[in-house]
Amino acid sequence: MKAILEGSEAIARTIRSCRVGVISAYPITPQTRIVEFLATLVANGELNARFVNVESEHSAASVVLGASATGVRAYSATSSQGFILMSEVLFNIAGLRLPLVLTVANRALSAPISIWNDHQDTVTLRDAGWIQFYGESIQEVCDLHIQGYRISEDPRVHLPVMVCLDGYILTHGHEVVDIPEPEEVDKFLPPYKPVHVLDVDKPVSMGLLAGPEAYMETRYAIHKTMEEVLEIIPEVAEEFARVFGRKNGGLIEAYRVEDAERVIVGKGSMMGTVKEVVDELREEGEKVGAVKVITHRPFPAKVLYETLKGVKEIAVLEKSISLGFWSPLFTEIKALFQGKKENPLISGFVIGLGGRDITKDNIREVFLKWKGKSAEAEFINLNQEMLKTGGE
């Protein structure tokens, strides 16, 4: 089905096409409309699934944990404070090696209360053992969900996937989106066949107490699987392109970097604006490019290094910050070149926190104002008058 759809409806229809069996979520802005659409699809008989109403996001995560453990393809969605409330269970889901896909409509964390978009919520839990995808467009986000189930349920993987999208910008934006029907998705995504399952006829135990003699090995096993996933994600993206005729997903997307001297690295919807500025500056004779990080966990260190090693200057743009130090992606890009013969000038910029607009002028400022200079946690587009009053 190709139509102009709101992002939330497009995601709901994609989940329908993945034939999930259990859905559980608690409403929170800006995620709510995704599960509202799903509830309607279930109520109308368009999706044969059990929609479980719960009293909190913690409970929603617990329901889908149980569903996955009993061999059912499950789904949930959340945002911001709700995502953080889920955190205890999210660590459990990864530790139990349960396949699952979670949609996170990225939104700033309180306090102060903000309902607008940045990436602080999911970046905060980047080390929970989940595969993390960040989408630029509604179409890419939808395609990442289908690929997410395929990757998560792969017997070589058995780790959960979260698909992150910018709240409001993508959840409430409208695009022409191509949503494959369930029969089409069946060709790419086979029925879920769990390796380990809770079954009263064949009793097993999951999540037992692990003493010091065993716990470390469980962390090592997840870490090694994450390393292997770096090979599996591109395989799945290539197969997706063959089946559906469009390329979305993968580890990164390099844009006009072949001869670039300066490159912006970032993730999410702002990369569309970055690409527009790259095109404009190219016409003005500037050798610039962009790299979009799609997979943040596992971190695609090798492919990023190979893509960026010939660049003179790198600017890392992030909608998050590790308060008291630098931004996470900037720190990781810096680490890529530690001890290497290449020594590009790498700068870090914080932008768009709490939903502040990211304009083409902001991107130009990064490309041009800091040319030949370095920055580590430079905030873009601060309200200087607000700072003079102490933020009151």
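Yes or no, residue by residue, for (1) closer than 20 Å to residue 167 by Cβ; (2) assigned to a helix (DSSP H, G or I):
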{"residue": "9", "(1), (2)": "yes, yes"}
{"residue": "16", "(1), (2)": "no, yes"}
{"residue": "34", "(1), (2)": "yes, yes"}
{"residue": "48", "(1), (2)": "no, no"}
Taking residue 152, is it under 16 Å from residue 249 (Cα atoms) and out of contact with any Lys or Arg (no Cβ under 9 Å at 6 or more places or on another chain)?
yes
Just one listed residue, out of 263, 229, 236, is outside any strand (DSSP E or B) and in contact with a strand residue (DSSP E or B) (Cβ under 7 Å, 6 or more places away or on another chain), and it is 229
Just to be sure before I move on: is residue 322 in the same structural domain as residue 352 (by TED's automatic domain parsing), within 25 Å of residue 146 (Cβ to Cβ) and of a type in the set (Ser, Thr, Tyr) in the structure I sent?
no
Tally of residues being in contact with a His (Cβ under 7 Å, 6 or more places away or on another chain) and buried (at least 23 other Cβ atoms within 10 Å of the Cβ) across the range 104-131:
1
What's the total number of residues in the range 171-199 that are at pLDDT 95 or above, assigned to a loop (DSSP other than H, G, I, E, B) and either in contact with a strand residue (DSSP E or B) (Cβ under 8 Å, 6 or more places away or on another chain) or of a type in the set (Ser, Thr, Tyr) (or both)?
4
Within the range 276-297, track down each residue that is surrounded by fewer than 19 Cβ atoms within 10 Å (Cβ to Cβ) and either closer than 30 Å to residue 127 by Cα or of a type in the set (Asp, Glu) (or both).
276, 279, 280, 283, 284, 286
Going residue by residue through the range 105-118, is there one that turns out to be in the same structural domain as residue 164 (by TED's automatic domain parsing), farther than 19 Å from residue 350 by Cα, at pLDDT 95 or above and of a type in the set (D, E, K, R)?
no
Of all residues in the range 353-392, which are out of contact with any helix residue (DSSP H, G or I) (no Cβ under 8 Å at 6 or more places or on another chain) and of a type in the set (Lys, Arg)?
356, 369, 371, 373, 388
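Here is a yes/no grid of residues against (1) without any contact (Cβ under 8 Å) to a residue 60 or more places away in the chain; (2) under 21 Å from residue 218 (Cα atoms); (3) part of a strand (DSSP E or B):
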residue	(1), (2), (3)
59	yes, no, no
75	no, no, yes
102	no, no, yes
115	no, no, no
Check 328, 344 and return the single one that is more than 20 Å from residue 249 (Cβ to Cβ), touching a residue at least 40 places away in the same chain (Cβ under 8 Å), in the same structural domain as residue 381 (by TED's automatic domain parsing) and not β-branched (Val, Ile, Thr).
328
Looking at 318, 313, which one is of a type in the set (D, E, K, R), touching a strand residue (DSSP E or B) at 6+ places or on another chain (Cβ under 8 Å) and buried (at least 24 other Cβ atoms within 10 Å of the Cβ)?
318
Count of the range 61-70 residues which are touching a Leu at 6+ places or on another chain (Cβ under 9 Å) and surrounded by 17 or more Cβ atoms within 10 Å (Cβ to Cβ)
6
Would you check if there is a residue in the range 253-263 being small (Gly, Ala, Ser) and over 30 Å from residue 17 (Cα atoms)?
yes
What strands (runs of 3 or more DSSP E) lie completely within the range 274-392 and have 3 or more residues being modelled with pLDDT of 95 or more and not charged (D, E, K, R)?
288-293, 313-318, 345-350
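The values are calculated or read from the model by the stated rules, or taken from the named source; none is laboratory data. This structure is a prediction, so every number in the text was calculated from the model and none was measured. Cβ atoms come from the backbone with ideal geometry, glycine included; neighbour counts cover every protein chain shown.
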